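J.: The structure that follows is given in the form of structure tokens.
Since every read-out is calculated from the coordinates, none of them should be taken as a lab result. Just so you know, these numbers come straight off a predicted model, no measurement behind them. Because the Cβ atoms are built from the backbone with ideal geometry, glycine has one as well, and the counts that use them run over all protein chains shown.
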There are 2 protein chains.
Amino acid sequence: MAATSAALSLPLSSKLGTNSSDSSLRFLNPKPILLRSPFFSPNVVEIKRNGISVSSASPVRSRICATSAQVMDQSVAALGSKASTVVDVDLGTRSYPIYIGSGLLDRPELLQRHVHGKRVLVVTNNTVAAIYLDKVVEALTKGNTNVSVESVILPDGEKYKNMDILMKVFDKAIESRLDRKCTFVALGGGVIGDMCGYAAASFLRGVNFIQIPTTVMSQVDSSVGGKTGINHRLGKNLIGAFYQPQCVLIDTDTLNTLPDRELASGLAEVIKYGLIRDAEFFEWQEKNMPALIARDPSALAYAIKRSCENKAEVVSLDERESGLRATLNLGHTFGHAIETGFGYGQWLHGEAVAAGIIMAVDMSYRLGWIDDSIVKRVNNILKEAKLPVVPPETMTVEMFKSVMAVDKKVADGLMRLILLKGPLGNCVFTGDYDRKALDETLHAFCKF
Amino acid sequence: MAATSAALSLPLSSKLGTNSSDSSLRFLNPKPILLRSPFFSPNVVEIKRNGISVSSASPVRSRICATSAQVMDQSVAALGSKASTVVDVDLGTRSYPIYIGSGLLDRPELLQRHVHGKRVLVVTNNTVAAIYLDKVVEALTKGNTNVSVESVILPDGEKYKNMDILMKVFDKAIESRLDRKCTFVALGGGVIGDMCGYAAASFLRGVNFIQIPTTVMSQVDSSVGGKTGINHRLGKNLIGAFYQPQCVLIDTDTLNTLPDRELASGLAEVIKYGLIRDAEFFEWQEKNMPALIARDPSALAYAIKRSCENKAEVVSLDERESGLRATLNLGHTFGHAIETGFGYGQWLHGEAVAAGIIMAVDMSYRLGWIDDSIVKRVNNILKEAKLPVVPPETMTVEMFKSVMAVDKKVADGLMRLILLKGPLGNCVFTGDYDRKALDETLHAFCKF
């Protein structure tokens, strides 16, 4: 529908050879990862064909990562044969399921089986509360009079993802006399999930929590994997914790009320998975972007499921981002600079990431690491997703540099970036690149 | 010197039998715990004779916990044969050593071997900075030009252990462009250790940190075991994380500059270890309290070492306080109520804990769980340590009840307490007690 057939071919430039003296983490020559479930569909096996593998002498390559299976239980059948999918995030004792499907908020037993204790605190924002809070409270309490639910409603937006607003969650929890056996529930997008998760990690030194993401962005990315935190005026997500939820419940029906701009923002992360590790998924997106933008339910459900599988697999292999997990941040170092420099909430996270992806791809091309056809395809797909392909005009080279210097991926003063390298679906996380290319990219995209 | 020989006998009241239908965790009938090190002194084995063991069908009873050994290495010999002790906190991949000795800050290699990366942030307060900051910076950098050290100096006192002041640590770390490979160093007492530890747990979702405790309180208790956090206006330590340091470095020389009141405050925790699990240590304290108050170096060193051994063992068995570890909070639920109700910083933590211990002991006696000789001995030893044995006059029953209701040990609305039960050195952590006894204790110690 969208991409031309020419764009689907993958011509390799002569510049694409790997430099064996490169000290960076290298994700070329991937090997397939063994999968646990006999129900794993052939599609999912194919995901890994162009996937990333860590080149260090590590035993993780053969570890089992994410599994998914179609679930059709009796309660589903009773609810009109709505099918749901479960993707498992495999983290040993901290493993948890991601439930994906239509109408899941109408299935109280799904949520209730993951509630610990008798007290629940729902953390949400004013926009989402107006639409879904009652529904979630009902799902938590239906047939379960033992549980009492409190809620705290935060203002909506990235600019409120700070310590002052986070304190309101602690205030509410303490004033409500919640104890260690309570459960926090994050109901909303990425901002709510990150804040609620960090509050759960810190309240009484850690209580259980559940993610109910209601945006594409949070459903395909931020609700999975346990990264929680808040922004500092000098940079994004600089204060936080790795803290895993008890489960993630994705009711795809919540996307019906999502504004178009939010929908597009989430698609930036979907596109990212294709670029860094899943060429086949990228090709599927090239064909199906119009359907995604038109909110075709089955297209959205597939994109969410496949994104969660990619995310779960990477997180299972590298929970605390010692290497591989950092690749999920393609475009994010540039993107965070836009969000911080331009002002939190001016652009949505995915919009900033989209411009950041373009800049990372441009730089990869300048380094001679990718073919120009990839540059074109990335431009095309982002435009089709109605995402920006240049940073805001007011961003300067200096603004980029100063914010990028406090990025979490800086190590011993070295700014490490995720860059594409090789055929579509391959990337590197490295500090070993020619600084001139970075300068050229910044100057190409900034007027000053 | 201190206790009469009569006080050393342990008459058992007929009321001391255990009730087998009691649903609480029960720590009577302890069994000795196997010890790892061949260097473990007979003294240390004896510690466990009256120690606590968990009665649930758990394999932890025979787990290896804390080990200690005299260390005399070449560098020590070169520095004038100063001996130091190492107590290991055994937490698998998160294990770490506690170094205890005189002059350890003059041994840069001890500290430097635990510094990760090239950047260090020392977190301290204005009182301690004036005396020890230069010394610590020298220890970090001597013969090690690779490392650069920043510092942030907070105001001194429990009333500053809040989020506003914590943000100053984040501000400094971010403005200094510290990255994930940096190391935070806590230089000071319990407040600094708790705040620096929580900042380290949260900065960029977790960086390494080192504890250099400079008070008895922090050396015998708060620097060991990974509890970090800050206060909320409604309660103590309600926001925080379990986060273990790379090492704890206790230079006992730092106690030379400690005010008398701070010294006594720390002794409250030393006395606590004797009461909850180490009767022999309590008896040693009864004989040696005058020496401790007079700052006899060898008496202090022994008290610190034995306290750390007790703490390390409990933490190794129950890092995240699912049961056993809670017993370290004897007197703390009452004590926290005093600190919160009376105003943070009015009384030192150990002063509040001392009054709290008296109240817990009084309640244990009212329940018929301990003999009156224990009540007398606890009163005597606290008085000899120059600690209060009654709460502040302005504390009311209602103030106690309202703060105790938000204590972290409350579970599903049930207020659980640590109470003594049985012979000296035994306690229980339970919510199964007669509420009348709690009321009687509160009314006995409060005018209103």
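J.: Cα to Cα, under 15 Å, and not fewer than 8 places away if on the same chain: which aspartates and glutamates meet these conditions relative to residue A:305?
T.: By straight Cα distance, residue A:305 reaches A:46, A:88, A:221, A:251, A:253, A:269, A:278, A:280, A:296, A:313.
J.: Another question, then. Between copies, how far apart are the residue A:383 label points? List them in nm, one decimal, shortest first, with each point 7 Å from Cα toward Cβ, please?
T.: Here residue A:383 shows inter-copy label distances of 8.9 nm.
J.: Related question: Using a ≥ b ≥ c from the Cα gyration tensor of the stretch A:330-445 (square roots of the eigenvalues), is it rounded, prolate or oblate, where a/c under 1.5 gives rounded and otherwise the larger of a/b and b/c decides, a/b for prolate?
T.: oblate
J.: Which of B:227, B:135 comes first, and how do the rest follow, when ranked by fewest Cβ neighbours within 10 Å? Don't skip to the answer; put the middle values down first.
T.: Values: B:227 26, B:135 16.
Placing the least packed residue first, the sequence is B:135, B:227.
J.: List, in the order given, every pair from A:401/A:436; A:159/A:383; A:401/B:168 whose Cα-Cα distance in the structure shown is over 19 Å.
T.: As for pairs spanning more than 19 Å Cα to Cα, those are A:159/A:383; A:401/B:168.
J.: Something else: Starting from the Cα of residue A:298, step 7 Å along the direction of its Cβ; do the same at residue A:396; then give the gap between the two resulting points in nm.
T.: So the label points at residue A:298 and residue A:396 sit 5.3 nm apart.
J.: Something else now. Rounded to the nearest 0.05, what FRET efficiency do residue A:91 and residue B:135 give with R0 = 60 Å and r taken as the Cβ-Cβ distance? Could you check? Mind showing how you got there, number by number?
T.: On the way: r = 42 Å, r/R0 = 0.71.
Computed FRET efficiency for residue A:91 and residue B:135 comes out at 0.90.
J.: Over the stretch B:175-311, what is the mean sequence separation of C-alpha contacts under 8 Å (at least six apart), divided by residue count, expressed as relative contact order in percent?
T.: After rounding, I find 22 percent.
J.: Further, regarding this structure: Counting Lys +1, Arg +1, Asp -1, Glu -1, what net charge surrounds residue A:263 among other residues with beta carbon under 9 Å of its beta carbon?
T.: On the way: positive: A:261, A:295, A:386; negative: A:260, A:262.
Local charge sum for residue A:263: +1.
J.: Checking the table A:181/A:236; A:161/B:409; B:135/B:161; A:227/B:236 against a 28 Å threshold on Cα-Cα, which pairs fail? If you can, show how the numbers build up before the last one.
T.: On the way: A:181/A:236 31 Å; A:161/B:409 30 Å; B:135/B:161 25 Å; A:227/B:236 26 Å.
Pairs exceeding 28 Å: A:181/A:236; A:161/B:409.
J.: Suppose a student asked you for the relative contact order of the stretch B:334-406, using Cα pairs under 8 Å spaced at least 6 residues apart; what percent would you report? Let's see the in-between values first.
T.: Working: 74 pairs, mean separation 31.5, N = 73.
Computed over the stretch B:334-406, the figure is 43 percent.
J.: Please grab the % of Cα pairs in the stretch B:91-174 that end up more than 18 Å from each other.
T.: Details: 1878 of 3486 pairs.
Tail fraction, whole percent: 54.
J.: Could you order the peptides A:315-324, A:237-246, A:217-226 from most to least packed, using the average number of other C-beta atoms within 10 Å per residue? Show your work: numbers first, answer last.
T.: Values: A:315-324: 19.7, A:237-246: 22.7, A:217-226: 27.8.
Answer by packing, highest mean first, reads A:217-226, A:237-246, A:315-324.
J.: Over the whole of A:255-265, what's the average partner chain Cβ count within 10 Å per residue? Rounded to a whole number, please. List each step's numbers first, then the result.
T.: Values: counts 0, 0, 0, 0, 0, 0, 0, 0, 0, 0, 0.
Mean inter-chain Cβ contacts per residue within 10 Å come to 0.
J.: Now for a separate question. Could you tell me which of rounded, prolate or oblate describes the stretch A:176-235, using a ≥ b ≥ c as the square roots of the eigenvalues of the alpha-carbon gyration tensor, with rounded for a/c under 1.5 and, failing that, prolate when a/b is larger than b/c and oblate otherwise? Present the calculation step by step, with values, prior to reporting the outcome.
T.: Details: a/c = 2.28, a/b = 1.37, b/c = 1.66.
Oblate, since a/c reaches 1.5 and b/c is not below a/b.
J.: Given a cut-off of under 8 Å on Cα pairs at least six residues apart, what relative contact order in percent is computed for the stretch B:93-173? Please report the intermediate quantities before stating the final value.
T.: Values: 69 pairs, mean separation 26.5, N = 81.
Here the relative contact order equals 33 percent.
J.: From the phi of every residue in the stretch B:251-268, what ³J(HN,Hα) in whole Hz does the Karplus formula 6.51 cos²θ - 1.76 cosθ + 1.60 yield, where θ is phi - 60° and glycine or proline is x?
T.: 8, 5, 5, 5, 6, 4, 9, 7, x, 3, 5, 5, 4, 4, 4, x, 5, 4
J.: Continuing with the same structure: Apply 1/(1 + (r/R0)^6) to the Cβ-Cβ distance of residue A:376 and residue A:432, taking R0 = 30 Å, and write down the FRET efficiency to the nearest 0.05.
T.: On the way: r = 27 Å, r/R0 = 0.88.
Efficiency computed from Cβ-Cβ geometry: 0.70.
J.: A further question on this structure: Sorting A:176, A:298 on the 10 Å Cβ count, fewest up front, what's the list? Could you put the intermediate results ahead of the total?
T.: Working: A:176 16, A:298 11.
Sorted ascending by nearby Cβ count, the order is A:298, A:176.
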